[in-house]
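The values are calculated or read from the model by the stated rules, or taken from the named source; none is laboratory data. Just so we're clear, the structure is a prediction, and the values are computed from it rather than from any experiment. Cβ atoms come from the backbone with ideal geometry, glycine included; neighbour counts cover every protein chain shown. In case anyone asks, the SASA skips ligands and DNA or RNA and just uses the protein heavy atoms, side chains included. Shrake-Rupley method; radii C 1.70, N 1.55, O 1.52, S 1.80 Å.
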Amino acid sequence: MAQVAVYDMSGKEVGKVDLSDAIFNVEVNEHLLHRAVVGQLANSRQGTQKAKTRTEVSGGGRKPWRQKGTGHARQGSTRSPQWTGGGVVFAPVPRDYSQKLNKKEKRAALKSALTTRVGENKLVVLDSLKFDEIKTKKFAEMMKNLQLDKALVVINDNDKNVICSAKNIPTVKTAQTNELNVYDVLKYQTVVFTRDSLQAVEEVYA
């Protein structure tokens, strides 16, 4: 069973906590991690791109010049693709890019991602994370005390003071336990849990 240090907001070690082997010490499935990341990025695409084909562009009903005798190549419409303002050949149309992973695959991929973070010593546990007011400066000081730069901070409740304090720091993202996903875990250099959020994750995924 893996064990990591627990820190307070000043960066001082205040204890240790055991991590569940069922979540933080599983066999890493790289193929499943790849599928989860690609699927999440694909699902975020709107798929609303659209261009008009020659049948959808307005105008061009009249033949621009007679078929023969002008010295020009024959043309049937000014809305043909070779004309400026004409339609697009094989134009993109709205489509669904979404990919599906079943529930077991999603859980296994998340466990693999968390296991990689533990193996790289990129998982930090905080004793608690509370602010009396919304203050970005205080959150930045806490990050400096913990010697963290690019971090995903996982909290257990919708704490407005914490979320808003971190909002203006471009290298930090906050997420509640029910928002935890493979892409964010792998994107950020360090994953920061509070004791409460760690316990909540273990209860759901163990």
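Brief remarks on what is shown
- For the chain, the per residue solvent-accessible surface stands at 62 Å², with DNA, RNA and ligands left out and a 1.4 Å probe.
- Note on the chain: GNM, Cα springs under 10 Å; of Ser20, Ser165, Ser58, the largest mean-square fluctuation is that of Ser58.
- For the pair Thr48 and Glu13, label points projected 7 Å from Cα toward Cβ lie 5.1 nm apart.
- Entry note: region 39-104 has Rg to Rh equal to 1.32, where both radii use alpha-carbon atoms and Rh is the Kirkwood radius.
- Here is the list for region 126-206: trypsin sites (Lys or Arg not before Pro) lying in DSSP coil, each with at most 14 other C-beta atoms within 10 angstrom of its C-beta, are Lys130, Lys135, Lys150.
- Residue pairs, from the table Lys16/Lys100; Lys16/Lys187; Lys111/Lys137; Lys100/Lys173; Lys50/Lys100, whose Cα atoms sit over 31 Å apart: Lys16/Lys100; Lys111/Lys137
- Cα-based helix-to-principal-axis angle, 30-43 vs the chain, degrees rounded to 10: 60
- The GluC sites (Glu not before Pro) of region 1-105 that DSSP puts in a loop, and whose beta carbon has at most 14 other beta carbons within 10 Å, are Glu27, Glu56.
- Percent carbon-and-sulfur accessible area, the chain, ignoring ligands, DNA and RNA, probe 1.4 Å: 47
- Which label in [x] 9, 38, 40, 13, 1; [y] 8, 26, 22, 13, 8, 9, 8, 4, 1, 0; [z] 7, 28, 30, 23, 10, 2, 0 gives the computed P(r) over Cα pairs in 10 Å bins from 0, in percent: [y]
- Contour minus Cα-Cα distance for Asp127 and Ser58 (0.36 nm per residue): 18.3 nm
- Dipole of region 83-167, positive direction: furthest Cα of Pro94, Met142, Cys164, with charges on the beta-carbon: Pro94
- All other residues whose Cβ lies under 13 angstrom from that of Ala175 are scored, Lys and Arg at +1 and Asp and Glu at -1, for a net of -1.
- Relative to the dominant Cα principal axis of the chain, helix 103-119 is inclined by about 60°.
- Computed magnitude of the charge dipole of region 138-204 (debye, nearest 20; Cβ of K, R +1, Cβ of D, E -1): 360
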